[in-house]
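Contents: one structure, followed by commentary.
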Amino acid sequence: MTAQIIDGKAFAATVRGQVADHVARLKSDHGITPGLAVVLVGEDPASQVYVRSKGKMTVEVGMTSYEHKLDVDTDEADLLALIDRLNADPAVHGILVQLPLPGHLDEALVINAIDPAKDVDGFHISNVGLLATGQKAMVPCTPLGCLMMLREHHGSLSGMTAVVVGRSNIVGKPMAQLLLGDSCTVTIAHSRTKDIQEVTRRADIVVAAVGRPEMVTGDWIKPGATVIDVGINRIDAPEKGTNADGSVKTRLVGDCHFDSCAEVAGAITPVPGGVGPMTIACLLANTLTACCRANG
Ligand code: GUN
């Protein structure tokens, strides 16, 4: 069997189009423009790329983007003071602090300083608790994007067996909560899981979010299962030759070995072009939701 490709890039463009239509109506009918503030501390190259891409898409859907770039050695007190100002600013409906933060900053303290109503990442402890208890929460963007693709592909997920590989607070745990909310039978597998291939091979849905290039191979997958690959890993690709400076060219791969998984799976998300674009689309959707709730 050769898997159907779940086109996250196209789906994300549709979601962004719907967000843009709604933003245009908010502007014309109510004079309201949703605003998203993104805070980046330091100069981590991957984070800079993400922040630039988020800012560009925010403007493309008609929202206002506020970017705050702070020195790598910014004091915790200064960062918290900025968050207080953004919490109090009525033009800012969503606040995102790009992670990881430099080591001297307490990530939990910083995230929990964000007004939960503006926490478009869904990382604040109140939103984590609301999601875990099935209440109306801001839902983390990456797992939300995965759920939307699964619902789009399958319709109802009720009664399906799902295995989430990875137990991070950002993806693994909220993904498991969302799948449970859609009445899947959910297992979280991780680095200490015994016979992990046996566990994943029982699943109708495998979500891989471990940050290890191409770890999940075709023999981990039940024939016909749906594979959602959250990983974005850059690996050396000597077959592509070298750059002008003599360094080896690289390529992006997921946490799943695409070719072998696609041989067995019924459907699979590619990397790039799968989960990544959906994450940003969901960030914009969350910002719109926060703006609508703030304005009754
Ligand atoms: N770093 C990697 N992924 C994310 C994310 O979804 N949100 C934030 N704030 N930082 C990240």
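A few points about this structure:
- With Cα atoms, 0 to 90° folded angle of helix 45-60 axis to the chain main axis: 70
- In a reduced charge model with +1 at each Lys and Arg Cβ and -1 at each Asp and Glu Cβ, the chain shows a dipole moment near 760 debye about its Cα centre.
- Rg and Dmax [Cα atoms of region 97-254; Å; Rg one decimal, Dmax integer]: 17.8, 54
- Inter-label distance, ASN112 to ASP195: 4.0 nm, where each label sits 7 Å from its Cα along the C-beta direction.
- When the alpha carbon gyration tensor of region 224-296 is reduced to an equivalent ellipsoid, its three semi-axes come out at 33, 21, 6 angstrom, largest first.
- Cross-link pairs exceeding 24 Å in C-alpha to C-alpha distance, out of LYS136/LYS222; LYS9/LYS69; LYS56/LYS249; LYS54/LYS249; LYS56/LYS118; LYS27/LYS54, comprise LYS136/LYS222; LYS9/LYS69; LYS56/LYS249; LYS54/LYS249.
- With the charge dipole of region 1-132 set up from +1 on Lys and Arg Cβ and -1 on Asp and Glu Cβ about the Cα centre, the Cα lying farthest toward the positive end among the listed residues PRO90, VAL38, THR2 is that of THR2.
- The helix-based estimate of mean residue ellipticity at 222 nm for the chain, built from -39,500 (n - 2.57) per DSSP H run of four or more residues and divided by its residue count, is -12500 deg cm²/dmol to the nearest 500.
- Each 5 Å bin from zero up to the one holding the largest Cα-Cα distance in the chain carries the following percent of pairs: 1, 5, 11, 15, 17, 16, 14, 11, 6, 3, 1, 0.
- For the pair SER158 and ASP259, label points projected 7 Å from Cα toward Cβ lie 4.2 nm apart.
- Cα long-axis angle, helix 275-294 against the chain (0 to 90 degrees, to the nearest 10): 30
- Between the alpha-carbon centres of region 154-198 and region 1-68 there is a gap of 27 Å.
- As a calculated quantity, the FRET efficiency between HIS104 and ASN169 at R0 = 25 Å, using C-beta atoms, amounts to about 0.80.
- Ellipsoid fit via the Cα gyration tensor, region 30-117: semi-axes of 22, 17, 9 Å, each the root of five times an eigenvalue, largest first.
- Degrees, to the nearest 10: 172-181 long Cα axis against longest axis of the chain: 90
None of the figures in this text is laboratory data; all of them are computed from the coordinates on show. This one's a predicted model, so the numbers in the text were calculated from it and none came from an experiment. For neighbour counting, all protein chains shown are included, and Cβ atoms are generated from backbone atoms with ideal geometry for every residue, glycine included.
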